[in-house]
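The structure appears below as structure tokens.
The values are calculated or read from the model by the stated rules, or taken from the named source; none is laboratory data. Fair warning: this is a prediction, and the values are worked out from it, not measured in the lab. Please note: Cβ atoms are built from the backbone with ideal geometry, for glycine as well, and neighbour counts cover all protein chains shown.
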Amino acid sequence: MKKARPLQLGAMAGAAVLAILAGWWLVDGLSPADAPETVAATSAAPAPGGAVPATAQPIGDARPAPDAMLNPSLILIFESALAEAQATGKAAFMAMAPGLLAKRLPAELVARAMGLLERYIDMQEAMQALPPPEAGDPASLRKTIEARAEVRRRYFAPEEIEGLFGDEIRQDALMADKMAIARDATLTPDEREAAAKRSEEALLTPEQREQRRAFTAQVDVQHQTDAMDARGASAQERFAERSAAYGYEAARQLAALDQENQDWNSRLDQYANAPPDQQAQLRESLFNERERLRLSGALALRSAKPAPNAAGRTPGRSPS
């Protein structure tokens, strides 16, 4: 008899598959635990029986007011509820869902959210049946994106798709554009960069573009730091290179972080190299309460890393 497993669904999983295959896309860093506790109230009534509601038709030039409930935060709430439930099937989860949603939504929104949640689960089950795209193939990725779009249309009305999944859809489209641009041998590096920028401006909001720039800057800083660690760059060399790349203030803050990490590694060395009968005392004197909670993990991590680098620094990052 096959052992029952928790229900594993979610847009997060689907987006992650595309991101891995594309090999570059920025993940926002939100987890179900980060989901907002509430979604703003809305006057729209729930569709009876969870059926897909008809698209609202504007009268004359009037447009319907935005539906505050239809936004990506609701998907994070659904994912959070799924993660908490650890249910082994849809029926078991849906029995638990009203109580789980009531912890995350105002009471007046739970009934409507239940209808959306049931369709969301059905949609995700259908998504899991789709074949994954071939790694590194823009045409295959676009085919998968369109197949996912067709599945969404079976379960949600256009305004629901835009509100709940619009950001994800645009990010998937940008992912496909970037992959195609990167593999277009007819483009020069400058043309490739310009084409990628046009795609970002067409598909992402200013806030999303800023998030991606910030993420890219963090990755660049880490790569630069790793390179300087590997060659044993002096503090003066580090400051000069960082100041040229990111400005004086950023270089100053990174220098402070270097010092913090150096201090942390020095204390780790002292603790790890001490006789066992002295380690208990050093654990209390060298580390604060938060650091002590991370001490065993830090020692395990460093034991799996190479020997100290050319600068004489043991690899590791301060937990503070």
The lone exception for Pro133 - which of (1) in contact (Cβ under 8 Å) with a residue 60 or more places away in the chain; (2) part of a helix (DSSP H, G or I) it fails: (2)
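Go through segment 147-183 and give me each residue that's among the acidic types (Asp, Glu) and farther than 20 Å from Glu79 by Cα.
The initial filter retains those residues of segment 147-183 that are among the acidic types (Asp, Glu), namely 150, 159-160, 162, 167-168, 172, 177.
Scanning segment 147-183 gives Glu150, Glu159, Asp177.
Sort through Thr186, Thr144 and tell me the only one that's surrounded by 18 or more Cβ atoms within 10 Å (Cβ to Cβ), farther than 22 Å from Leu74 by Cβ and modelled with pLDDT of 90 or more. Give the derivation first.
Numbers: Thr186 fails: surrounded by 18 or more Cβ atoms within 10 Å (Cβ to Cβ).
Answer to the check: Thr144.
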Single residue of Leu282, Leu286 found to be modelled with pLDDT of 90 or more and touching a Lys or Arg at 6+ places or on another chain (Cβ under 7 Å): Leu286
Number of positions in segment 92-109 that are of a type outside the set (Asp, Glu) and surrounded by fewer than 19 Cβ atoms within 10 Å (Cβ to Cβ): 10
Selection from segment 96-130 of residues that are free of Cβ contacts under 8 Å to residues at least 24 places away in the same chain and more than 20 Å from Glu84 (Cβ to Cβ): Ala129, Leu130
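Got a sec? Which of Ala214, Ala147, Ala176 is closer than 22 Å to Pro131 by Cα, in a helix (DSSP H, G or I) and either within 20 Å of the chain's Cα centre (by Cα) or in contact (Cβ under 8 Å) with a residue 40 or more places away in the chain (or both)? Show your work before the answer.
Working: Ala214 fails: closer than 22 Å to Pro131 by Cα; Ala147 fails: either within 20 Å of the chain's Cα centre (by Cα) or in contact (Cβ under 8 Å) with a residue 40 or more places away in the chain (or both).
Criteria check complete, one pass: Ala176.
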